[in-house]
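One structure is given here, and the rest of the page talks about it.
The values are calculated or read from the model by the stated rules, or taken from the named source; none is laboratory data. Please read all numbers here as calculations on a predicted model, not as lab measurements. Heads up, the Cβs are rebuilt from the backbone with ideal geometry, glycines too, and the neighbour counts pull from every protein chain shown. Just so you know, the surface numbers come from the protein's heavy atoms only, side chains and all, with ligands and any DNA or RNA stripped out. Shrake-Rupley method; radii C 1.70, N 1.55, O 1.52, S 1.80 Å.
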Amino acid sequence: MTSTTAPTHQARLTLTPNTALAGLLDGAWWPYSRDLATELPPLVDALRARWGRVTRVTANPAPWPVAPREVAVGEYAVPVGWFTGQDLDTMMLLSYGLTRCDLLVIPPETEPASAARLMAAASTPGNLHTTGTLMAGEEMSIR
């Protein structure tokens with residue numbers, strides 16, 4: 001399968017250092033929009049060097065207006081599993097090597113300063129924060 005849309009931007013992504021202590025999150029992703037078909041290909045490309053070929057993605061459908069069953073990424077399609085029980089701000093990506101990448105998904109409309117704080121917190125080595133606590137903490141600091 002060939003993608004009909006070429007990525008027009010690089011993924012806004014920050015990851016924990018490769019040698020870091022394991023934490024609850026592997027980093028954060030700040031998409032430009034809520035169009036998963038447009039946003040997922042640059043994310044998958046950005047993760048390829050570290051995690052290999054992404055074979056599946058899971059997310060909560062609530063933040064995404066369209067919930068495709070799969071998204072074209074270059075020459076293949078990545079299946080997307082939609083789970084209403086998954087945290088709204090979490091995306092899990094799986095790769096061939098049974099590697100799992102858990103990302104905080106920062107809403108596209110988030111102010112840059114707030115997104116920067118969230119990205120830094122989610123990519124801190126050994127972080128013990130869930131996506132819910134990070135998002136709630138950021139909402140509290142804005143008020």
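List of remarks:
- Span from the the range 100-143 Cα centroid across to the the range 21-80 one, whole angstrom: 17 Å
- Accessible area in square angstrom per residue, the chain, 1.4 angstrom probe: 53 Å²
- Fraction of the pair-distance distribution of the chain above 21 Å, Cα-Cα pairs, percent: 39 percent
- A simple count of charges around Trp51, restricted to other residues whose Cβ falls under 11 Å of its Cβ and scoring Lys, Arg +1 and Asp, Glu -1, yields +3.
- Net charge, Trp30 excluded, C-beta distance under 15 Å - Lys, Arg +1, Asp, Glu -1: -4
- Per-residue ellipticity at 222 nm from helix content only, as computed over the chain with -39500 (n - 2.57) for each DSSP H run of at least four residues, stands at -8500 deg cm²/dmol.
- Calculated P(r) of the range 13-83 - Cα pairs past 20 Å, %: 32 percent
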